[in-house]
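S.K.: Sharing a structure, written as structure tokens. Questions coming.
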Amino acid sequence: MFMKTTIIILVSVAFSTSAFAGKLSRRTPTPAPTPVTVGVDGNEPLIAEAPDGTLYISALQHIYSSTNSGATWTELLGPIYASSINLNSDSSISVDPSNRLYFTFDYPYAGTTAVCTSDDRGVTWNCNPAVVPGGTDRMWTLAPTMVDDYETTNEGLYETAFLHSTDRGTTWVPTSIGAGVLEPQTGPLLQVPGSSNILQITKIFGTLPQETPELKVYVYSPNSTGSVIAAVRSTGLQLPVALPSAALSKTGDMWVASEEPNPAGGVQVVLGRSTNQGVTWTKLPPFPGTTTGTATFTWVAAGSPGHVGVIYYYTPDNGTDTSTMSTSTWAAIWAESFNANSAAPTWSVRVVQPNVHTGAICAASGCSGDNRFAGDFINAIIDSNDVAHLAWMVEDMSTQATKIRYERIKTTPPSTSK
């Protein structure tokens with residue numbers, strides 16, 4: 001059963017508010033922050049915040065940092081294996097509780113997976129250049145403690161392998177593989193506090209006739225003996241266009257964002273929430289602002305209980321195949337709720353940047369050229385202080401040059417008074 005949803009509109013730039021039709025709550029809009037440019041190198045931006053407040057963004061083989069809450073950014077030199085000659089590498093970052101930065105990538109393109117660490121904010125690096133040799137693709141890393149780090153990468157480009165390091169990234173042991181056969185489109189690694197399981201959202205297209213394409217959760221158990229094949233849990237959500245996203249709240253609720261057709265002939269944003277590491281799920285109603293028009297590249301972030309946000313690209317045009325929408329103009333949107341786990345969630349929606357791209361949008365294999373200006377995802381996190389950090393791509397259509405854009409959003413929960 002769907003829950004009732006309320007929507008708040010916060011549009012600080014010129015954009016059609018009819019695209020966000022829905023019930024409005026009383027609230028005085030706060031001044032909108034100003035997005036900044038991170039850099040012009042790379043796409044698929046991933047944000048990580050260190051305990052000391054340093055922000056990092058990895059973008060393919062490139063890595064950036066900010067020491068002033070995202071006001072300005074510097075592109076780091078990076079490890080030698082991630083130099084500018086290493087074109088179009090996938091990458092991932094994580095920061096452990098002692099501020100050690102983990103940066104993983106493949107080199108050269110679709111080559112060996114490396115893991116490098118830095119204890120001085122990316123000035124110097126120690127690298128294991130061959131964590132997984134051979135042809136690899138789309139790696140993710142997670143460093144939740146000062147001992148353990150976890151890694152996945154697609155061996156042979158298509159088979160997800162899971163590895164564990166107990167010496168802070170120096171050596172690695174493969175412990176299991178993803179259950180999907182030739183299912184390489186995975187999302188970030190997550191660990192609920194107090195659990196030994198590592199969770200990973202993944203797109204399962206289904207290789208058998210009886211399988212239904214949907215988002216599922218791989219469950220890796222690095223401390224258990226037995227089967228090397230990860231357990232799989234179903235979300236019941238349809239597949240998004242871009243790589244899938246998932247996030248944990250401070251209390252361990254797992255949130256997943258996706259997309260599905262809307263009644264107007266476009267695509268709407270949907271969320272799922274699990275309180276038991278993906279065993280069972282509650283599906284939220286579609287975002288009211290996306291029940292017409294087309295949304296894509298959804299990425300979810302979570303903070304305190306009920307505080308959830310989703311960044312996505314949106315056009316008022318209706319279409320179910322974004323790879324064919326050659327005349328559509330897209331905006332980057334941020335939707336945020338402070339009571340997403342209630343019976344009547346309230347969402348505020350703001351345009352963080354209009355006109356980020358005109359034309360089709362696609363992702364992953366079979367997609368190339370201008371239509372893949374954003375790579376395979378955009379990104380958002382909500383930090384320990386419930387501040388949102390957003391990163392997305394924008395394209396200059398006259399030159400096809402792209403930029404990584406960033407915005408820090410500190411939103412006060414709306415008043416419940418009438």
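The values are calculated or read from the model by the stated rules, or taken from the named source; none is laboratory data. The model shown is predicted, which means the values in this text are computed figures rather than measured ones. Glycine gets a Cβ as well: all are built from the backbone with ideal geometry, and neighbour counts include every protein chain shown. Surface accessibility is based on the protein's heavy atoms, side chains included, excluding ligands, DNA and RNA. Shrake-Rupley method; radii C 1.70, N 1.55, O 1.52, S 1.80 Å.
S.K.: Once label points are set 7 Å from the Cα along Cα→Cβ at both VAL36 and ALA344, what is their separation, rounded to one decimal in nm?
M.R.: Simple spin-label model gives 4.0 nm for this pair.
S.K.: A follow-up question, please. Quote the relative contact order of the chain in percent (integer), defining contacts as alpha-carbon pairs under 8 Å separated by 6+ residues.
M.R.: Working: 1209 pairs, mean separation 61.4, N = 418.
Relative contact order, the chain: 15 percent.
S.K.: Taking 0.36 nm per residue of separation and subtracting the Cα-Cα distance, what length does fully extending ASP52 through SER398 add? If you can, show how the numbers build up before the last one.
M.R.: Numbers: separation 346, 0.36 × 346 = 124.56 nm, distance 4.01 nm.
So the chain would gain 120.6 nm between ASP52 and SER398.
S.K.: Using a Gaussian network model of the chain whose springs link C-alpha atoms within less than 10 Å, name the residue from TYR218, TYR56, TYR81 with the highest mean-square fluctuation.
M.R.: Its mean-square fluctuation being the largest, the pick is TYR81.
S.K.: How much length, in nm to one decimal, is gained on full extension between THR124 and VAL232, taken as 0.36 nm per residue of separation minus their Cα-Cα distance?
M.R.: Details: separation 108, 0.36 × 108 = 38.88 nm, distance 3.86 nm.
So the extension gain works out to 35.0 nm.
S.K.: Once a ≥ b ≥ c are taken as the square roots of the eigenvalues of the Cα gyration tensor of region 178-298, is the result rounded (a/c under 1.5), prolate (a/b larger than b/c) or oblate (a/b not larger than b/c)?
M.R.: On the way: a/c = 2.49, a/b = 1.49, b/c = 1.67.
Oblate is the answer for region 178-298, as a/c is 1.5 or above yet b/c matches or exceeds a/b.
S.K.: Compute the accessible area per residue over region 329-418, keeping the other protein chains in place, probe 1.4 Å, unit Å².
M.R.: 36 Å²
S.K.: For Kirkwood radius over Cα pairs in Å, the choices are [x] 25.4; [y] 21.3; [z] 21.9; which was calculated from the structure?
M.R.: [y]
S.K.: According to the square roots a ≥ b ≥ c of the eigenvalues of the Cα gyration tensor, what is the shape class of region 35-134, taking rounded for a/c under 1.5, prolate for a/b larger than b/c otherwise, and oblate for the remainder? Before the final figure, lay out each step's value.
M.R.: On the way: a/c = 2.14, a/b = 1.35, b/c = 1.59.
It comes out oblate by the Cα gyration axes.
S.K.: Under a GNM of the chain (C-alpha, springs under 10 Å), which listed residue has the highest mean-square fluctuation: VAL269, VAL308, VAL173?
M.R.: Among VAL269, VAL308, VAL173, the largest GNM mean-square fluctuation belongs to VAL173.
S.K.: Rounded to the nearest 20 Debye, what is the dipole magnitude of region 111-151 about its Cα centre when Lys and Arg each give +1 and Asp and Glu each give -1 at the C-beta?
M.R.: For this selection, approximately 120 debye.
S.K.: Roughly how many percent of the accessible protein surface of the chain is carbon and sulfur, given a 1.4 Å probe and a whole-percent answer?
M.R.: Numbers: 8610 of 16070 Å².
Exposed carbon and sulfur together represent 54 percent of the surface.
S.K.: Taking a ≥ b ≥ c as the square roots of the Cα gyration tensor eigenvalues, with a/c under 1.5 meaning rounded and otherwise prolate when a/b beats b/c, else oblate, which class fits region 140-203? List each step's numbers first, then the result.
M.R.: Numbers: a/c = 2.38, a/b = 1.47, b/c = 1.61.
Taking the square roots of the gyration eigenvalues as a ≥ b ≥ c, region 140-203 is oblate.
S.K.: Report the number of Lys pairs in the chain whose alpha-carbons are under 22 Å apart, with separation of 8 or more residues or on distinct chains.
M.R.: Number of lysine pairs found: 11.
S.K.: Please compute the modelled spin-label separation between LYS250 and ALA71, points set 7 Å along Cα→Cβ, answer in nm with one decimal.
M.R.: Using points 7 Å along Cα→Cβ, the separation is 2.6 nm.
S.K.: In addition: Could you please report the charge total around ARG372, scoring K, R as +1 and D, E as -1 over all other residues with beta-carbon less than 11 angstrom from its beta-carbon?
M.R.: Working: positive: none; negative: GLU44, ASP370, ASP376, GLU395.
Around ARG372, the charge tally is -4.
S.K.: Keeping all protein chains in place, calculate the accessible area per residue for region 33-134 (probe 1.4 angstrom), answer in Å².
M.R.: On the way: 3940 Å² over 102 residues.
About 39 Å² of surface per residue is accessible.
S.K.: Pairs of alpha-carbon atoms within less than 8 angstrom and 6+ residues apart define the contacts here; what relative contact order does region 225-346 have, in percent?
M.R.: Values: 287 pairs, mean separation 26.3, N = 122.
Relative contact order of region 225-346: 22 percent.
S.K.: With every protein chain left in place, what is the accessible area per residue of region 192-308 in square angstrom, probe 1.4 Å? Write out the running numbers ahead of the final one.
M.R.: Details: 4010 Å² over 117 residues.
For region 192-308, the per-residue accessible area is 34 Å².
S.K.: Given the options ALA48, ALA401, ALA242, state which has the largest fluctuation in a GNM of the chain using a 10 Å cut-off (strictly under) for Cα springs.
M.R.: Per the Cα network of the chain with a 10 Å cutoff, ALA401 tops the list.
S.K.: Antiparallel as a % of all DSSP beta bridges within the chain, to the nearest 5? Walk me through the numbers on the way to the answer.
M.R.: On the way: 108 of 114 bridges.
Approximately 95 percent, going by the DSSP bridge assignments.
S.K.: Given Cα pairs under 8 Å that are at least 6 residues apart, what percent is the relative contact order of region 30-82?
M.R.: Working: 80 pairs, mean separation 14.7, N = 53.
Once divided by the residue count of region 30-82, the mean separation gives 28 percent.
S.K.: Given Cβ point charges of +1 (Lys, Arg) and -1 (Asp, Glu) and nothing else, what value in debye, to the nearest 20, does the dipole of region 202-292 about its Cα centre take? Provide the component values of the computation, followed by the final result.
M.R.: Values: 6 positive and 5 negative charges, 43 e Å.
Dipole magnitude for region 202-292 comes out near 200 debye.
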